[in-house]
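The values are calculated or read from the model by the stated rules, or taken from the named source; none is laboratory data. All values reported here derive from a predicted model rather than from experimental measurement. Every residue, glycine among them, receives a Cβ derived from its backbone with ideal geometry; neighbour counts consider all protein chains shown.
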Amino acid sequence: MKSKFNLIIADDHVMFLDGLHGILSELENVGEIHLATDGQQVLRLLNQFNNVDLVISDINMPKMDGIELLSTVKKKYPEIKFFILSMLDDVRTINKVVQKQADGYILKFADKEELKKAVLEVLSGEQHYSQKVKESYMQSVFERKQNSHVELSKREKEVLKLLMEELSSKEISEKLFISVNTVETHRKNILLKTGSKTTVGAVKFAIDNGYYSE
C-alpha cells in the first residue's frame, strides 16, 4: 500500500463536505483531499491532477449525479477507486451502483469509524458496502431468483420498455409499427406474466428484476 493516497470528495452540501474533509484528514495515509460540489467538477479535478487514488461521491448532485460520474470515472480512469456515500438505500439505486462496479456504498448515517474503515479497505483493493446496503441488495437478488421463471417475449420487453418511458398505447403502436389493439394485448400479457395489477406494477417488476438497468 502506498504511504499517502489522494482523494476527491464530492457532495453538493458544503457543510457536510467540510465535515468529511475533517474526518478523513485524520487518517495518516491520506494525503491531498480535493473537494467538489458536482460531478463535472470532479472530472475537471481528475483532468487537472493525475495522482488521485479514490473518489467518494454523493448521488444527488447538480449537473452530473453520482451514478453518471461513477460510470464515467470507471470508463476513463479504471485504476481509480470509487465509492458512493449517500442517504439513498432503495433497491433500484443500489442495483445501479453495483452494476456500475462501484468499490463500495456507504450510507450517510454510518459513523465516522466505518467511513474511515471503508476508505482504508477500498484503497487496499477490497470492497466495502454498508450492512444495510448488502441486505437490501441480497434481498433483491433473492426476489429476482424467485421470479426467474417469468419469461417475456422480445416484443413484450420492447413494449414494457416503452411503457417505462411513459408512452401511451397509441405512441407505442406508432413506434413499433403495430396496432393499438396489439399493444394492449402485449400489455395484458405482461401484467399476467408478472403478476402485476397495473402498468406501474409491471414497470416496478422490470426495475426490481433487472430487466433495464438504465
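Points worth noting:
- The strands (runs of 3 or more DSSP E) found entirely in the stretch 1-88 that carry 1 or more residues being buried (at least 17 other Cβ atoms within 10 Å of the Cβ), under 17 Å from the mean Cα position of the chain (by Cα) and in the same structural domain as residue 135 (by TED's automatic domain parsing) are 5-10, 54-57, 81-86.
- Checking every residue in the stretch 169-177 against the condition of being without any contact (Cβ under 8 Å) to a residue 24 or more places away in the chain, outside the structural domain of residue 92 (by TED's automatic domain parsing) and in contact with a Leu (Cβ under 6 Å, 6 or more places away or on another chain) gives at least one match.
- Residues that are in a helix (DSSP H, G or I) and small (Gly, Ala, Ser) were ranked within the stretch 146-173; the one that is modelled with the lowest pLDDT is 169.
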